[in-house]
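The values are calculated or read from the model by the stated rules, or taken from the named source; none is laboratory data. Owing to the predicted nature of the structure, the values given are computational and were not obtained by experimental measurement. All Cβ positions, even for glycine, are placed from backbone atoms using ideal geometry, and neighbour counts span all protein chains on display.
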Amino acid sequence: MIDHLKGRLAGIGKDFVVVECAGIGFRAYVSAVTRNDLPPEGEGCILRTHLHFREGGGDLFGFSTETEREIFLATIGVSGVGPKSAIAVLSVLGVDGVLSGCARGDAAVFTRVPGIGKKLAQRIALELPDRLKKVSIEFTPEEAAAAAAAGGPDGEACGALEALGFSRGESQSAVAAARREKGAGAPADALLREALRRLSGGRR
């Protein structure tokens, strides 16, 4: 099993990246969360991975954090959810959005993901929290998501990004990454600039 890739970011696609390691390019499918967290093309990076076997071959999936990988693995454990759908869940909702939905048992939040209907969303909301608890993932990010929704610099930055056409998941993930980069005292405009830089880099 391939646990991670450490090398040069050699390519960025709509739903995948290519990491070159010792002259070999590994293509890994990634969420918008991971794509936005990665450095610019040509720079070094580390990508946690999961190799998913299927009939006729296998697909490699990549993650910028261990938490995202654990959420992905827990999500594909839900009956009816394949790896591409799990990646879509992370792309649309972001890590915080998934954890917030699980904390509230909110099935409706998962219906925002293309291809996930009401019944499957209900199954995810029912089964995913227990699966995440088994790998010791806490749902504390719900508080951060609630604070962003209520206002403050993070909420202002998220709102501005959504007004520009980015999804809520993309916006929350980019602002969360910007907050980690800029620190606790960063104002909304600084967060917005950093988040836009990350989103623009991820969408090349």
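A few remarks follow.
Matching residues to (1) aliphatic (A, V, I, L, M); (2) in a helix (DSSP H, G or I):
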| residue | (1), (2) |
| --- | --- |
| 8 | no, no |
| 19 | yes, no |
| 36 | no, yes |
| 41 | no, no |
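- Total residues in region 61-71, condition part of a helix (DSSP H, G or I) and under 20 Å from residue 6 (Cα atoms): 5
- Exclusive hit being within 17 Å of residue 177 (Cα to Cα), surrounded by fewer than 20 Cβ atoms within 10 Å (Cβ to Cβ) and either free of Cβ contacts under 8 Å to residues at least 60 places away in the same chain or not assigned by TED's automatic domain parsing to the domain that holds residue 166 (or both), set 41, 66: 66
- Candidates 46, 71 - the one that is at pLDDT below 95, assigned by TED's automatic domain parsing to the domain that holds residue 95 and not polar (S, T, N, Q): 71
- The one condition in (1) closer than 23 Å to residue 184 by Cβ; (2) at pLDDT below 85; (3) among the polar types (S, T, N, Q) that residue 136 fails to fulfil: (1)
- Residue list for region 77-99, filter: touching a Leu at 6+ places or on another chain (Cβ under 8 Å) and closer than 23 Å to residue 162 by Cα: 98, 99
- Count of residues meeting criterion [hydrophobic (A, V, I, L, M, F, W, C) and at pLDDT 65 or above] in region 139-166: 7
- Qualifying positions in region 5-28 - in contact with a Leu (Cβ under 7 Å, 6 or more places away or on another chain) and surrounded by 16 or more Cβ atoms within 10 Å (Cβ to Cβ): 5, 9, 17, 19, 26, 28
- Flag for residue 94 being within 13 Å of the chain's Cα centre (by Cα) and surrounded by 14 or more Cβ atoms within 10 Å (Cβ to Cβ): yes
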